[in-house]
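Visitor: Got a structure for you, questions after.
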Amino acid sequence: MDLTKGTTAEKTARSKKMMIWFGIGSLIMSFAGLLSAFIVSSKQRLNEDWLVDFQLPSAFFTSLGLIIVSSITFILAKRALQQGKMQMVSLFLLATLGLGIGFIYSQFVGFGQIISEGYYFTGPTSNITMSYIYVIAILHIAHVIAGLICLIVVIYNHFKQKYNSNNMLGFELASIFWHFVDGLWVVLFLFLYFFKYII
């Protein structure tokens, strides 16, 4: 694709989308490095402090469902915008926001469940396995919060009637990032859930 061709608006849109994909690429590498460290630590059994049969908290299963549904509602919001159904756009965007907040809440409920089992992030009752799970989940939550901020901006601009079927750049950029953080949690969850069966 020749990035120099097209109108100024088209070139701006292409460059912004390329920037967000570069950012996503760097985030993928960061989380890949973290998961690699998780694998290495499990093989080394550092200080014999690795839980072989760890269980993810049940709240993490709830958060998985919430994040998947939030991607669906964002897709429906985009489709409604393309069709000019502004009330449906509002409904689906607010639903996405609510599901995103629910995801973060369920994650903290999950932390509470981990603590109730006696595993803290640091200290004498901590262990390497659960410390990794804390770090992975908290880093992901930070990116979900960033996605929520983008979503709030999109909602604000939507109510200001800045988007339509011919002007969707900001909407699309937020959508790309939101689907990324959603897909990222699916991958992280599946990795953590099935890892204990393959080590």
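Visitor: In whole Hz and in residue order, list the ³J(HN,Hα) couplings for segment 34-43 that follow from phi through the Karplus curve 6.51 cos²θ - 1.76 cosθ + 1.60, θ = phi - 60°; x for Gly and Pro.
Guide: 5, 5, 5, 5, 4, 5, 4, 4, 5, 6
Visitor: How big is the equivalent ellipsoid of the chain along its three axes, where each semi-axis is √(5λ) from the Cα gyration tensor, reported in whole Å from largest to smallest?
Guide: Working: eigenvalues 277, 80, 28 Å².
Largest first, the chain gives 37, 20, 12 Å.
Read-outs throughout are calculated quantities, based only on the coordinates presented, and are distinct from any laboratory measurement. This structure is a prediction, so every number in the text was calculated from the model and none was measured.
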